[in-house]
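Visitor: Mind looking over this structure? Questions follow.
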Amino acid sequence: MATAIYLQSMPILPDTHDFFYGLEGSGHSCFSHSMSLSISVQQILQAKAVKELVSITPEKTTYEALQLMAQYDIGAVAVMKNGQLTGILTERDYARKIVLHGKASRITPVGETMNKEYSIVSPATTIEECMQIMTTNHQRYVAVMQGSAFIGLVSIGDVVKNIIAGQQADIEHLERYITGI
């Protein structure tokens, strides 16, 4: 069953699908449908402002982790022990496990505050798959692993930013197509 696609609140009827997206496998289309959803996690990591792996050990204090997040302007930090990812500490973890319980971040170890249950994706995972994982598991961050090596974190914000960029590219391509430029 085909669904209508809306542009500027006007439905494009399902029988116009081939005009906009081309016949499947033909390589001809007005723009690339779902291009933004096929972007890989690797591409997201390459586009991130902070290129280095930002991490902390479980023995450090939650306050030190917050300082690190503030320094890099990030909302989560990887928790590493002996070169292995052991958890993810987010600002949300701080709010719910420190602030709401009246604990002191300056003396509470990261190991007590971090989330030990996190989802793992590979660099080849698509944005669409990331969205499904994050939504299903109610998580705002996923760990990116290449084999057994931790290579980064992807946030829901990273995913949304890339989807918006892809949609903007599609809109610009459509505008050029329509105006003949």
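Visitor: So T61 fits all but one of (1) within 24 Å of M114 (Cα to Cα); (2) under 24 Å from the mean Cα position of the chain (by Cα); (3) surrounded by 11 or more Cβ atoms within 10 Å (Cβ to Cβ); (4) at pLDDT 80 or above; what number is the exception?
Guide: If we test T61 against (1) within 24 Å of M114 (Cα to Cα); (2) under 24 Å from the mean Cα position of the chain (by Cα); (3) surrounded by 11 or more Cβ atoms within 10 Å (Cβ to Cβ); (4) at pLDDT 80 or above, just (2) comes out false.
Visitor: Just one of S122, S105, S155 is over 21 Å from I39 (Cβ atoms) and of a type in the set (S, T, N, Q); which is it?
Guide: S105
Visitor: Note down all Cβ pairs under 9 Å where the first residue falls in the stretch 162-181 and is under 21 Å from T125 (Cβ atoms) and in a helix (DSSP H, G or I), the second is at pLDDT 85 or above and among the polar types (S, T, N, Q), and they're at least six residues apart or on different chains.
Guide: Pairs that qualify, where the first residue is under 21 Å from T125 (Cβ atoms) and in a helix (DSSP H, G or I) and the partner is at pLDDT 85 or above and among the polar types (S, T, N, Q), are N162/Q43.
Visitor: I would also like to ask the following. Would you call M134 part of a helix (DSSP H, G or I) and either farther than 20 Å from I56 by Cβ or touching a residue at least 60 places away in the same chain (Cβ under 8 Å) (or both)? Show your work before the answer.
Guide: Numbers: part of a helix (DSSP H, G or I): yes; either farther than 20 Å from I56 by Cβ or touching a residue at least 60 places away in the same chain (Cβ under 8 Å) (or both): yes.
Here the answer is yes, as M134 does meet what is asked.
Visitor: Also, I was wondering about something else. Does the stretch 80-114 hold any residues that are among the charged types (D, E, K, R), surrounded by 18 or more Cβ atoms within 10 Å (Cβ to Cβ) and more than 20 Å from the chain's Cα centre (by Cα), and which are they?
Guide: As a first pass, look at the stretch 80-114 and keep what is among the charged types (D, E, K, R): 81, 91-93, 96-97, 103, 106, 112.
Pick out the ones that are also surrounded by 18 or more Cβ atoms within 10 Å (Cβ to Cβ) and you get 93, 97.
Across the stretch 80-114, the qualifying residue is only K97.
Visitor: Please go through the stretch 137-156 and pick out each residue that is out of contact with any strand residue (DSSP E or B) (no Cβ under 7 Å at 6 or more places or on another chain), surrounded by 12 or more Cβ atoms within 10 Å (Cβ to Cβ) and either part of a strand (DSSP E or B) or not aliphatic (A, V, I, L, M) (or both).
Guide: Listed by number, the list holds a single entry, Q146.
The values are calculated or read from the model by the stated rules, or taken from the named source; none is laboratory data. Not measured: the values here are computed from a predicted model. In this analysis, Cβ positions are derived from the backbone assuming ideal geometry, glycine residues included, and neighbour counts consider all displayed protein chains.
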